[in-house]
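A short worksheet on the structure shown next.
Any read-out appearing in this document is the output of simple, stated calculations on the displayed coordinates, not a laboratory observation. Quick caveat: nothing in here was measured; it's all calculated off a predicted structure. All Cβ positions, even for glycine, are placed from backbone atoms using ideal geometry, and neighbour counts span all protein chains on display.
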Number of protein chains: 2
Amino acid sequence: MMLVSKESEVDVLIIGAGPAGLMCANALAIAGVNVRIVDQRPSKVPAGQADGIQPRTIEVFQSYGLAERLLKNGNQMHMAAFYNPSPSGGIERASRAADVTAPTARYPYEVTLHQGAIESIFLDSLKAHGVVVERPIVPTSLEISKSEEELKDPNARPVKVVLKHLDPPTNAGDSEIVHAKFVLGADGAHSWVRKTLGIALDGEQTDYIWGVVDMIPETDFPDIRNRTAVHSNNGSCMVIPREGDLVRLYIQLADRDVVDPDTGRVDKSKMGPEQLLDVAKKSFAPFQISNADGHFDWWTLYIIGQRVATQFSVNERVFIAGDACHTHSPKAGQGMNASMNDSHNLAWKLVHVLRGWAAMSLLKTYELERRKYAQDLIDFDKKFSKLFSGKPRTDTNQDGVSHEEFLDAFQTFGLFSSGIGVHYLPSTVVANQHQSVASKLIVGERLIPHDFIRAADARPFNIHDLLPSDTRFKVLVFAGNSAEAAQGKRVQALADEMARPEGFLATFGRGDHTKAFDVWAISSAKKEDVNYIDLPPLFRPHWSHVLLDDTDMFARTGGGGYDAYGIDKQKGAIVVVRPDGYVGIVAPFESLGDVDAYFAAFMIKG
Amino acid sequence: MMLVSKESEVDVLIIGAGPAGLMCANALAIAGVNVRIVDQRPSKVPAGQADGIQPRTIEVFQSYGLAERLLKNGNQMHMAAFYNPSPSGGIERASRAADVTAPTARYPYEVTLHQGAIESIFLDSLKAHGVVVERPIVPTSLEISKSEEELKDPNARPVKVVLKHLDPPTNAGDSEIVHAKFVLGADGAHSWVRKTLGIALDGEQTDYIWGVVDMIPETDFPDIRNRTAVHSNNGSCMVIPREGDLVRLYIQLADRDVVDPDTGRVDKSKMGPEQLLDVAKKSFAPFQISNADGHFDWWTLYIIGQRVATQFSVNERVFIAGDACHTHSPKAGQGMNASMNDSHNLAWKLVHVLRGWAAMSLLKTYELERRKYAQDLIDFDKKFSKLFSGKPRTDTNQDGVSHEEFLDAFQTFGLFSSGIGVHYLPSTVVANQHQSVASKLIVGERLIPHDFIRAADARPFNIHDLLPSDTRFKVLVFAGNSAEAAQGKRVQALADEMARPEGFLATFGRGDHTKAFDVWAISSAKKEDVNYIDLPPLFRPHWSHVLLDDTDMFARTGGGGYDAYGIDKQKGAIVVVRPDGYVGIVAPFESLGDVDAYFAAFMIKG
């Protein structure tokens, strides 16, 4: 018999406290949204699992003020190495290269840190905002109202979820009915939410079977601290150095011995970490590798599945994110990154709708932007897995994968796999009609990080640090050479026009536009000449908001920003950055009306 | 009647919990020394007081892992500005320049943060190491044993101090007899310890009288966020921007009205912050400056005294540090810096003696090094104060200070005032006979910060971050081009020689030389070629200890280190860095014997 102990209301209910769910919960909690997050696991992941954080994801962490701890506790992979069969038997190094090949990456490396440590970063941030993950709890039913009226009303709570407490003993078995405005299913590859909604997965399981071991190695292999791809005639391995002295080995398994013929799933009773290490040892010869202390921090076996959910939401009321939407191979280190970036994309949209600032239609852009990305990810993964799992080319195997082919693919895919190259197509929130005024700041891609100096005190800042994920649209007025008289007048005219009652600041600003819009001025004038107080007050809500495209006092950083963004140093441009850090629209001063129209397409007057 | 409630023993007793005392307590606590620190104030400084942290001091904070919070909470001064009388009356900007003029500064700016916030950084670190400042407590007597034998024995406790508790009421008036091995008097300009020891101050009071106000200004003055020197015909001011929107103004007072003729001291009842601001307003004209919220965060009046204690210790058993040893003007932002660097210099020496690693004679180098510095500081202050307080040169006052003269002095003194140029003269712990093998790494100065990459994973590090103030001597083996065969042999030969039983590692290593010596290898080979495992194991106690003088994968940093240090890229050199970050000796491989002799001069076998 089901015991129903209470009935409650919440704005957003998140099911699943893995990386996707936690990223969303944290973003909502910081924004002050009424949110709950539940998970079926009694505690966070203790070790192993996903562990690679890509350059773009580090930028996203930084936008929430969370990168510091990630960088302090994690390992950084700067260099990749490639080993191939040697003519004398065994393997030899073919080359070394940068691990990350995205030139604009602010953090030009991947960070590795076990999933539990990453979850802890979010859990501590959530706690500081008064949110605790409730666990162990499972959902047992989910219903969405059929009322069109309710579905259209952002203040309605059309989703009814029944939650069942599994622990502690005092309320085990208790159930609770939750009425939510929105629900996010971030409950993993076997997502209960996805299945309950009847959303199908497109794609299939592959033939690639891999083992993973985490351990502290004893070895004479000189690239054990680099991301190293080992292609040998005795199988393939990938070395992923981890926090402290830990190393992860991904080990290709040559046959299907570990698969249960009845279920098609991997049977972990058929092989243990010692046997996996024995397989790896054969690939590493003539180098020695063993387990320094006999302890395996974590291990697993898996078959790669490559699937994407056919839809990412039902009625923009229940969403799915992360592994619930897409599964793929872990070797390119994409899984956790894709998951967290899904909910980073969704969170600000939910906040704007919940606050009554944006129309419900804004939420449609989540599936539009993230499902396209997931499909690209699977395509990438298919090519990469095939290359990685393929036999190396040798004299006797001319059909094999050559080193050049592999290296070329590694570098071609680098922009994508770093997350830096993620590009959202034109939509309500991506308007690229004036792309040419900021030719290198691609609309639909993340703002390129760059160091500018503050006009008032010449202190350098990476612009990313000034534009956090605080749910505000960032309005960057690239003022051109504002110290020059004619341009100074154009800048003042723009300020006057932007301040009109019909302009977007007044129309959507609800009496204090600084809540939803954060305005900055970036001048191309030089630090010796410019006075921050000469910029129009609208563009400097605080003395700190006037930036210069100039070097710091020691010329160690800064300068070249207009060039890096492809903006004319005399004329300037308006750049609107979305709350998630992606460029929404760029426009010349003369086309301020198009910026007004951009916001009018999804924002609500008030 | 005095109540004596207990009698106790301690290794080090610190009297005074200002910046000098806290720096020492923290260093000793981290090293695991038995230390107590007492202060007469019931709580830490709430606002105002000293507030400028110089570039070298930031490096020292970083060496204890404390810079992060300082940089996060403090304001950074990157730019200086200079205003002089304008031909049309009032003032006008003469020029802007870098605030810091020391090109090797790792942090090329000064940080401003109120003294209480700086003390908090230490208090929290101390707490994490189990040490709490005991307060309010005053010493009432101090005696040093006359026994030569006791004074020579580092394990004896020849100093007897009586402490009196002032609060809480439950034990107010209680006294305690403390027997200490060493005592540090860090009890300020009116030091009870100094007076009790009968140590005189050399020097005198000046005629310069200044007022200070801390406030949030409302102003059209364009350099309010820069360190700005205002010379007007209506007096001089210095602008020091502070944390948040706070600004400090140092205001020259034109007459001696505020001095009590009987005591010669400033009488704070004669002038308040409003009057000080009125004086400042006259200097700032035609710019407007007022108090934005009517609140003054802090204010004071003072006459500059310029004095140095005749000795810094008695029998190397009781030391004085900070304001207890030297007083000077605050405008160059030196006071707190000199104080903390005094005890940073002393702390590791105390630790080595207390552990039985070094001879008592090592402690003599404290006065040798820091008193010379204090004298230089007073000389600097005299020149700087005179220039700053002098009338500006104008058509009618040709004897005044010209802008060029002031700017020139500002830049000449920059190396000194940044703390970067501090140079300890040759002594037991500063041996410069082989200076030429590292021609730019001046023996007796702090190790120049530089980015190197780690051979095993190409990750860049500033070498300062790898060499913390952990009481160990850092032995840096600049291995030259270790990938080249002949040099590889030289490096191996050096390792063999360094491992001899007669060598310093074995002689002073107490069975595990890594406790007192931290060995690193720095190769000039390139990251694509070098394998960290090819360096001799003695030089890589851990895989992370092999560095390369090469750029990171994106050529954003690193490289040029051998050149920056003036070390031959083929032949290399041995560099020994003291526990406080100062270069102790440099030597060619062939002169390892001189390195042995360096340590033998003050270390104890075992």
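Antiparallel beta bridges, as assigned by DSSP with both residues in the protein assembly as shown, represent about 70 percent of the total such bridges.
Dividing the C-alpha radius of gyration of the protein assembly as shown by 2.2 N^0.38 Å, with N its residue count, gives 1.02.
Helical runs assigned H by DSSP (4 residues or longer) give the protein assembly as shown a calculated mean residue ellipticity at 222 nm of -8000 deg cm²/dmol, each run adding -39500 (n - 2.57) before division by the residue total.
In the assembly of identical copies, B:Thr396 has its label point, taken 7 Å from Cα in the direction of the beta carbon, separated from the corresponding points by 10.2 nm (ascending, one decimal). Once both labels are positioned 7 Å from their Cα atoms along Cα-to-Cβ, the gap between B:Ala601 and A:Asp529 label points is 5.5 nm.
Here r is the Cβ-Cβ distance between B:Ala156 and B:Gln375 and R0 is 41 Å; the resulting FRET efficiency, rounded to 0.05, is 0.80. Taken residue by residue and averaged, Cβ atoms of other chains lying within 10 Å of the Cβ of A:213-221 number 1. The orientation-averaged shadow of the Cα convex hull for segment B:435-600, equal to a quarter of the hull surface, comes to 8.4 nm².
When only alpha carbons are used to place a centre, segment A:115-190 and segment B:235-252 end up 53 Å from one another. Using the Cβ atoms and a cut-off under 13 Å, what net charge is assigned to the surroundings of A:Glu497, where Lys and Arg are +1 and Asp and Glu are -1? Value of the local net charge: -2. Around the amide H of B:Val247, modelled in the peptide plane, lie the amide H atoms of B:Met215, B:Ile216, B:Arg242, all under 5 Å away and 5 or more residues distant in sequence or on another chain.
With contacts taken as Cα pairs under 8 Å at a separation of at least 6 residues, chain A carries a relative contact order of 15 percent. Taking 25 Å as R0, compute the FRET efficiency from the Cβ-Cβ separation of B:Glu68 and A:Lys569 and round it to 0.05. Calculated transfer efficiency: 0.10.
Along Cα→Cβ, 7 Å out, is where each label goes; now give me the distance between the ones at A:Ala493 and A:Glu134 in nm to one decimal. With each label point 7 Å from Cα toward Cβ, the separation is 5.8 nm. Roughly speaking, what is the centre-to-centre gap between segment A:437-469 and segment A:270-314 when only Cα atoms are used, to the nearest Å? Each part's Cα centre sits 40 Å from the other's. Between A:Leu466 and B:Glu204, the simple label model (points 7 Å from Cα in the Cβ direction) yields a spacing of 5.1 nm. Bridge orientation summary for segment A:435-600: considering DSSP beta bridges with both residues in this region, about 60 percent are antiparallel.
With its label point put 7 Å out from Cα toward Cβ, B:Asp529 sits 4.7 nm from the same residue's point in the other copies, in order from shortest. Placing a label point 7 Å from Cα along the Cα-to-Cβ axis, B:Asp379 is separated from the same position in the other copies by 7.2 nm, shortest listed first.
With the highest mean first, a sort of the peptides A:312-324, B:28-40, A:19-31 on other beta-carbon atoms found within 10 angstrom per residue produces A:19-31, A:312-324, B:28-40. In a shell of Cβ-Cβ distance under 13 Å around A:Tyr109, excluding A:Tyr109 itself, what net charge do Lys and Arg (+1) and Asp and Glu (-1) give? That sum, taken over residues with Cβ under 13 Å, equals +2.
If the segment from B:Asp167 to B:Thr557 were pulled out straight at 0.36 nm per residue, it would be longer than the present Cα-Cα gap by 135.0 nm. Among B:Phe406, B:Phe504, A:Phe287, sorting on how many other beta-carbon atoms sit within 10 Å of each Cβ, with the fewest leading, yields A:Phe287, B:Phe406, B:Phe504. If R0 is taken as 41 Å, the Cβ-Cβ distance between A:Glu243 and B:Glu484 corresponds to a FRET efficiency of 0.75.
Here segment A:214-357 is treated as a sphere whose radius is the Kirkwood value from Cα pairs; by Stokes-Einstein at 4 °C and 1.567 mPa s it diffuses with a coefficient of 72 µm²/s. Could you work out the relative contact order of segment A:130-224? I mean the mean sequence separation of Cα pairs under 8 Å and 6+ apart, divided by the number of residues, in percent. After rounding, I find 20 percent. For the peptide A:445-458, the mean number of other protein chain Cβ atoms found within 10 angstrom of a residue's Cβ is 3. Counting only other chain Cβ atoms within 10 Å of each residue's Cβ, the peptide B:548-556 averages 3. Of all chain B residues, the closest to the B-onto-A rotation axis by Cβ, with that distance in whole Å, is B:Glu68, 4. The distance separating the Cα centre of segment B:37-109 from that of segment A:499-563 comes to 25 Å. Classified by the C-alpha gyration tensor, chain B has an oblate form. Its axis ratio a/c, with a ≥ b ≥ c, is 1.5 or above, and a/b does not exceed b/c.
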